[in-house]
Amino acid sequence: MIALALPAAANEGGFVPPTLEDMHLPEILPWAAEYGTGFGKQMLLVLLSVALIAWFFLAASRRGQLVPGKLQHLGEMSYNFVRNSVGKDIIGERDYRPYVPLLFSLFFFILVNNLFGSIPLLQIPTPSHVGTAYALAGIVYITWIVLGLKKHGIGYFKLAVVPAGVPKAILPLIVIIEIISTFLVRPVTHSLRLFATMLAGHLIIMLSAAGSEFLIMDADFWFKPLGVLTIAGGVGMYMFEILIQVLQAYVFVLLTAIYIQGSLAEEH
Amino acid sequence: MEGNINLVGYGLSAIGGAIGVGLVFAAYINGVARQPEAQRVLQPIAFLGLALTEALAILGLVFAFVL
């Protein structure tokens, strides 16, 4: 009851929770702004992430030595992680090699862009704008369909939606479910998983920050100490969010590898 | 009080996803505890299970905002 009575007891402005609109920051480019350039903070961060990743891996691989230094070791370790534990283990020893560059660049692009959400001043994960997630998942969607068509010809669609060993009677039902789950729901969940976790995580941090500010600055005298609790909770969520950001990059690339493996496989 | 009842519905529907993710990781931990060398094999499977289970909660989140 105290929590419900709190906003009414305080000043007449009351507590204004942050909304989804706060995610869409104003556009940076001044010209053509009335038509909407789409060049906001997230776009700037994408460019920054590309520069950062390119700089790091160029620096790490410039002087390849037999006994690697610290930087080279870090670069090789992160490359090996994607190559072995995602590429080799999922797609298989035989034909994982051509897909390592795709998996590798996807993983580090998403990882760096997610971690921007936990770096002070940058402080917004790029995939919290849904366009980023749609573009990434769209690339993967086209990739695995084209790979399947290249490998199996037009029969790939039959291979993808008709599972082997199903009784004839329920086959139409299964085929409809397979079409929906493979070609419609799969890209949607693939993109929205990344987007929704980043958005929700950022929203929780914004909420705890706004709540702390309200409790400490504007609330009644007796409620002010509660602000300490919301700050502690916010810091806890901040740490948890770093874990989620790394995990989501891993999950996205893992699913990419699984989809590619599925379209290369001989049977359903 | 003002608000959208959709969010209450989403909160209820997230229970399902939460239980599912819990079951997936319980099985994963059990498997690794019994046979630690199987960890490399089980880890992608566990995260695949996490992703598939989580899909329902994600669809729920989207519908909560869209509808």
Flag for A:Leu194 being modelled with pLDDT of 90 or more and either farther than 18 Å from A:Val253 by Cβ or within 12 Å of chain B (Cβ to nearest Cβ) (or both): yes
The condition of being modelled with pLDDT of 90 or more and either out of contact with any strand residue (DSSP E or B) (no Cβ under 8 Å at 6 or more places or on another chain) or among the basic types (Lys, Arg) (or both) holds, among B:Leu50, B:Leu23, B:Leu67, B:Leu59, only for B:Leu23
Is one or more of the residues making up region A:183-206 in a helix (DSSP H, G or I), among the hydroxyl-bearing types (Ser, Thr, Tyr) and over 19 Å from the mean Cα position of the chain (by Cα)? no
B:Gly3 - would you say it is surrounded by fewer than 16 Cβ atoms within 10 Å (Cβ to Cβ) and more than 12 Å from every other protein chain (Cβ to nearest Cβ)? no
Within region B:44-64, is even one residue within 19 Å of A:Ser191 (Cβ to Cβ), of a type in the set (S, T, N, Q) and either in contact with a helix residue (DSSP H, G or I) (Cβ under 6 Å, 6 or more places away or on another chain) or assigned to a helix (DSSP H, G or I) (or both)? yes
Per the filter on region A:255-266, residues of a type outside the set (S, T, N, Q) and either touching a Leu at 6+ places or on another chain (Cβ under 7 Å) or under 15 Å from A:Asn113 (Cβ atoms) (or both) are A:Ala257, A:Ile258, A:Ile260, A:Leu264
Scanning region A:60-75 for residues that are charged (D, E, K, R) and within 23 Å of A:Phe107 (Cα to Cα), which turns out surrounded by the fewest Cβ atoms within 10 Å (Cβ to Cβ)? A:Lys70
Over region B:28-67, the set of residues within 11 Å of chain A (Cβ to nearest Cβ), more than 29 Å from A:Leu203 (Cβ to Cβ) and among the β-branched types (Val, Ile, Thr) is B:Val41, B:Ile45
Residue check: is B:Ala38 assigned to a helix (DSSP H, G or I), under 25 Å from A:Val16 (Cα atoms) and small (Gly, Ala, Ser)? no
For region B:10-27, which residues satisfy the criterion of being within 19 Å of A:Ala200 (Cα to Cα) and away from every other protein chain (no Cβ under 13 Å)? B:Leu12, B:Ser13, B:Ile15, B:Gly16, B:Ala18
Here are some residues: A:Ala257, A:Ala265, A:Ala200, A:Ala232. Which one is free of Cβ contacts under 8 Å to residues at least 12 places away in the same chain and within 14 Å of chain B (Cβ to nearest Cβ)? A:Ala200
Output for region A:162-182, where each listed residue is over 21 Å from B:Ala55 (Cβ atoms) and in a helix (DSSP H, G or I): A:Lys168, A:Ala169, A:Ile170, A:Leu171, A:Pro172
Lone unmet requirement of (1) at pLDDT 90 or above; (2) over 30 Å from A:Gly155 (Cα atoms) for A:Phe252: (2)
Might you check whether a residue that is under 22 Å from A:Thr132 (Cα atoms), surrounded by 17 or more Cβ atoms within 10 Å (Cβ to Cβ) and modelled with pLDDT of 85 or more occurs anywhere in region A:156-179? no
Within region A:62-105, how many residues turn out to be among the aliphatic types (A, V, I, L, M) and not in a helix (DSSP H, G or I)? 2
For A:Gly211, indicate whether it is more than 17 Å from the chain's Cα centre (by Cα), away from chain B (no Cβ under 14 Å) and surrounded by 18 or more Cβ atoms within 10 Å (Cβ to Cβ). yes
Is it the case that A:Gly38 is out of contact with any Gly (no Cβ under 9 Å at 6 or more places or on another chain) and among the small types (Gly, Ala, Ser)? no
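The values are calculated or read from the model by the stated rules, or taken from the named source; none is laboratory data. Keep in mind the model is a prediction, meaning the values are calculated, not measured. As a convention, Cβ positions derive from the backbone with ideal geometry for all residues, glycine included, and neighbour counts pool all protein chains shown.
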